[in-house]
Amino acid sequence: AASRGYAPDQRVVLPARRPPARAAFSRAPARVYTLGAKTVPVLPRSRATLGSGSQQLSCTSAAPRRSLQARRQGQARSTIEMLRLTARRAAARAPLHRATTPRRRPLSYAADPPRPPPPLRVGGVPEHFNYPWRLAAERRDVDFTWEECPGGSGEMAAGLREGRLDCAILLTEAATLFAHKGELRVVGSYVDSPLTWGVHASAARPAPDRDGARYAVSRMGSGSHLMALVDARARGAPPPAFVVVGTLDGAKDALAKDEADLFMWEKFTTKPIVDAGEWVRVAEVPTPWPCFAVCVTPKVAKNRANDVAAVLAAVHDESSQIGQEQVDEIAHAYGQQPADVAEWLKTVTWGPGIRMPKAVLEATTAALVDAEVLDATAARPYHEVVCDFTRDEALGAAFPDDADLELEDHGEVREGDARWPPPGNISRD
């Protein structure tokens, strides 16, 4: 006390240490000691020394007493802790799902930019006709994926129907059939020249009679199935029996095991099998309409016309440049003889993929109805079978490479002066 400037006879209270939180409001009784003529109250359990020399006095006290401001601050902290504890206990007893007010976005919040659509998934048979699609898929200026479907038009139609494909290259007769069923929309003709079907039989047995023969088909509704019915109807023969074999390899097994008698497929694709002596070609059946048609799902036809146009522009650019210089590349890619590829290139006529004459679909529909593949009452009008941006033009008409297509009012086409067709010129409406 003397060291802190207190007089020997002065009554002092030693400063107390901060007590624990639970003892914030407790007041321990003080013990009073006499120093000279004065008494000094000291809290218990706190060591203090008073006076000097012979008048020193030692005692044990509690924590030094706090000032009034410190006590009020401690009381306030304790009150806040008690309120928080009460709130936690009330929240624990409350229901798990409490109604809360969602936070509002500030006015300056910038919305995330829209995500770009995924690449178009395009499917086609692994044949030389689709070589331009392979080349276009390797380009970096157009975004789509190419998937080869050995099961033919039936497999691709199932892929469009089930959502595994966005676009596919189907035989025109198959595309017409599934378009009347409402499963897809026809964009246009991809190959304007007709397709020559070969009727094949096993070379190990005598060639069977076409009337009453068992036809191997990739699947029901595929081109091999439809063309067998159309050919039988044209010859006045009864509908043949069918054996589903899946792929071209399945047809080879079926004919070798005598499970089927005949198989119809594109003649240049099967020519290596004929040259190897495994099959014989007993007849050829050309189609009265163009080979292949570009088809899309109804959703893609409505919402992604620009993307379809960009892909078709890239494919048309590649197909228009294919000539005799690419014979060896095509022959190597599809396991064919260069002479056969050169002969095929002389007969093929590439289409831009954006036009499909109404007369072609009417002729194909009539053949399907006549073959009893399609019910006449189920046939749809032209505008429900094709896309809004499909051009009703003759296939033999010259198509300018530098034409710019702009679609207005769902199908009106204007020609401009830019390349055909730029991705931004087809309305999504």
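The values are calculated or read from the model by the stated rules, or taken from the named source; none is laboratory data. Since this is a predicted model, take the numbers as computed values, not measurements. Counting neighbours? That spans all protein chains shown, and the Cβs are built from the backbone with ideal geometry, glycine included. These accessible areas exclude ligands, DNA and RNA; they are computed on the full protein's heavy atoms, side chains included. Shrake-Rupley method; radii C 1.70, N 1.55, O 1.52, S 1.80 Å.
Between Val369 and Glu183, the modelled labels are 2.1 nm apart [label points 7 Å from Cα along Cα→Cβ].
With a 1.4 Å probe and all protein chains left in place, how much accessible area per residue does region 130-173 have, in Å²? Each step should come with its number before you reach the end.
Working: 1710 Å² over 44 residues.
Using a 1.4 Å probe on heavy atoms only, each residue of region 130-173 averages 39 Å².
What is the sum of charges, Lys and Arg at +1 and Asp and Glu at -1, for the other residues whose Cβ falls under 12 Å from the Cβ of Ala241? Provide the component values of the computation, followed by the final result.
Working: positive: Arg214; negative: Asp211, Glu259, Asp261.
Residues close to Ala241 contribute a combined charge of -2.
When you count the other C-beta atoms within 10 angstrom of each residue and take the mean per peptide, 352-364, 201-213 line up highest first as 352-364, 201-213.
Within region 136-186, the GluC sites (Glu not before Pro) that combine a DSSP coil assignment with at most 13 other C-beta atoms in a 10 angstrom radius are Glu138.
Express in nm, to one decimal, how much length is gained between Ala283 and Asp392 on full extension, taking 0.36 nm for each residue of separation and deducting their alpha carbon distance. Let's see the in-between values first.
Values: separation 109, 0.36 × 109 = 39.24 nm, distance 3.35 nm.
Taking 0.36 nm per residue and subtracting the Cα distance, the gain is 35.9 nm.
Taking all protein chains as shown and a probe of 1.4 angstrom, Tyr382 keeps an accessible surface of around 50 Å². For the residue pairs Lys267/Lys299; Lys302/Lys358; Lys181/Lys302; Lys271/Lys346; Lys181/Lys358; Lys267/Lys358, the alpha carbons lie more than 23 Å apart in Lys267/Lys299; Lys267/Lys358.
The packing ranking, built from the mean of other Cβ atoms within 10 Å per residue, places the peptides 301-311, 337-347, 223-233 in the order 223-233, 301-311, 337-347, highest first. Ranking Pro290, Gly250, Asn306 by Cα position along the charge dipole of region 247-321, where only Lys, Arg, Asp and Glu carry charges on their C-beta atoms, puts Asn306 farthest toward the positive end.
Within region 295-378, what whole-number % of the accessible surface is contributed by carbon and sulfur, with the 1.4 Å probe and all protein chains included in the calculation? Solvent-exposed carbon and sulfur of region 295-378 make up 49 percent of the total.
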